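Input: a single structure, listed below in structure tokens.
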Amino acid sequence: MQSPTASPHRGSWGTRLGFILAAVGSAVGLGNMWRFSYVAAEGGGAAFVLLYLVFVALIGIPVMTSELIVGRMTQVSPLKAVTKLGGSGWAPLGWLFVFCGFGILSYYSVIAGWTMRFAIDGIRGAIPQDTAGYFNAVGTRMPAVVTHVVFMAITIFIVIRGVKRGLESAALILMPLLFLLLVGLAIWSATLADGGAGYAYYLKPRINELLDKQIITDAAGQAFFSLSLGMGAMMTYASYLQDKQSLGREAVTIALTDFGIAFVAGLVVFPMIFHFGLGEAIGLGGTLNTDNTVGTLFITIPPALQSLGRVGNVIITAFFVMLFFAALTSAISLLEVVVAAAIDGWGWTRFKAALLSGSLIIVAGLPSAYNLNFLAMADKLVGTFMLMLGGLFTAILVGYYALPQAEAELAMGMGTASLRKAWANIIRFLVPPVLFVVLIFAVPSVIAAVRALLGV
Ligand code: TRP
């Protein structure tokens, strides 16, 4: 049932499973595979993975719970929700959310375009042995622009179809398929010679690295990116919820599924990197070569699988097709934040909102398609720093300006008072100081990315 105040253009989920799968679909995306593997490779492997898990549990799940609470409680887009709770002074936070959705999708779509390209060329058997060279050829400039535009067009189309027919049905089919394929690949990876060194790099942390500021920020930023937190995406999806299910439990389900998939992706990729001696090509342990690092996944997976001959080409194609679909369900949620703001804020129709904002995002993605340093910079600035900033203020808003309402909302469907108390304490006293410190740690890497872009 629609609440009487909701805009007629809004919409809602058909089933509880539909919501969960769409939220998982938002979380599981390029972040789990493309980003997780390159950031983990950059950040010393196992130390990063361990810190990442800590951030998911201690910061990610409580922040996700907060976003779900705010969404279901207010039943409006994040842009409006923050002022509804905190007053008009909170409007900038809503705009930060919209800006992040806009900014992230602009480069996310470029990478998703690569997955389309690799899927199609995989079918044609047209991926050469030298994938690093090939990646540099198709990953930027005109070829990248073309796939970026096609990917955005598909995303816009689905978002226009709306919540139930578009977002929900896409997720229901695609997510289970992706998971099966990944597990199959992980099992195959386990049979590779020298895979042991890959597992060691991935799973055995060197203690001194656990205190490395860079790795700490990377892990925190990855938690926000991968869980789709800090920009109101989960808030938006929860605003289409009518059932009073336990939001704490939903947050745990979404976060653990997301972590599980990223973890399995690592089990696929790291043995391959070591078996095929690709460490140097992706900048493992060497000086950071941005061009190749962001391409880690695209450079490692094809040669690994090509060794299997024709079967290999089938698997490469299947892998990138799945990755494409995972990216699509995430891109949908990014665009949805922008579209929901336009529908609620200005009373636009879904059609107009999706078409106009999608077209602007196509244009905004052009610099990333032409220059991988720009892409990397946007990923650091918007996809890491601004998400954590959004998460920090979301925690402050919920913990200090709307706590009684939030606790009441959480109490629906969530039995134990002590768990609710724990959540409130974490949101008030743990999340803000931790994120504040991590944001300070993150400043140098944002500056470094900007300098790499400017060549200074
Ligand atoms: N979580 C997605 C991924 O891992 C990307 C994504 C979708 C996202 N929606 C988001 C990231 C909202 C941050 C915020 O690929």
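The values are calculated or read from the model by the stated rules, or taken from the named source; none is laboratory data. Bear in mind that the values here come from a model prediction, so they are computed numbers and not experimental data. Note: ideal-geometry Cβ built from the backbone for every residue, glycine included; neighbour counts use all protein chains shown.
Condition first: within 16 Å of the ligand (Cβ to nearest atom), hydroxyl-bearing (S, T, Y) and not in a loop (DSSP other than H, G, I, E, B). Can you find one or more residues in the range 77-91 that meet it? No. Per this entry, R141 is counted among residues that are among the basic types (K, R) and either modelled with pLDDT of 85 or more or within 24 Å of A331 (Cα to Cα) (or both). For the range 43-76, a residue qualifies if it is more than 15 Å from the ligand (Cβ to nearest atom), touching a Phe, Trp or Tyr at 6+ places or on another chain (Cβ under 8 Å) and within 22 Å of E209 (Cβ to Cβ), and the qualifying residues are G45, A46, V49, L53.
Restricting A406, A424, A378 to those that are within 16 Å of the ligand (Cβ to nearest atom) and not in a loop (DSSP other than H, G, I, E, B) reduces the list to A378. Of these, A353, A402, A395, which one is small (G, A, S), under 21 Å from G94 (Cα atoms) and over 23 Å from the mean Cα position of the chain (by Cα)? When all the criteria are applied, what remains is A402. Checking A369, A364 one by one, the residue that is closer than 16 Å to F99 by Cα and either of a type outside the set (A, V, I, L, M, F, W, C) or more than 13 Å from the ligand (Cβ to nearest atom) (or both) is A364 and no other. Enumerate the pairs (first residue in the range 299-317 and free of Cβ contacts under 8 Å to residues at least 12 places away in the same chain; second residue anywhere and surrounded by 15 or more Cβ atoms within 10 Å (Cβ to Cβ)) with beta-carbon separation below 6 Å, excluding pairs fewer than 6 apart on the same chain, so at least 6 apart or on different chains. Within 6 Å, the pairs are G312/L305; G312/Q306.
State yes or no: is A186 within 22 Å of the chain's Cα centre (by Cα) and away from the ligand (no atom under 16 Å from the Cβ)? So A186 fits the description; yes. When the residues of the range 218-249 are filtered to those that are more than 16 Å from the ligand (Cβ to nearest atom) and assigned to a helix (DSSP H, G or I), the one that is farthest from L387 (Cα to Cα) is R249.
Summed over the range 104-123, the residues that are within 12 Å of the ligand (Cβ to nearest atom) and either among the charged types (D, E, K, R) or under 13 Å from the mean Cα position of the chain (by Cα) (or both) give a count of 7. Residues of the range 23-54 that are touching a Ser or Thr at 6+ places or on another chain (Cβ under 7 Å), part of a helix (DSSP H, G or I) and small (G, A, S): G25, S26, A27, G31, S37, A41. Of the residues making up the range 305-349, those that are closer than 18 Å to L96 by Cβ and within 16 Å of the ligand (Cβ to nearest atom) number 9. V443 meets all of the listed conditions (1) under 25 Å from A238 (Cβ atoms); (2) assigned to a helix (DSSP H, G or I) but one, namely (1).
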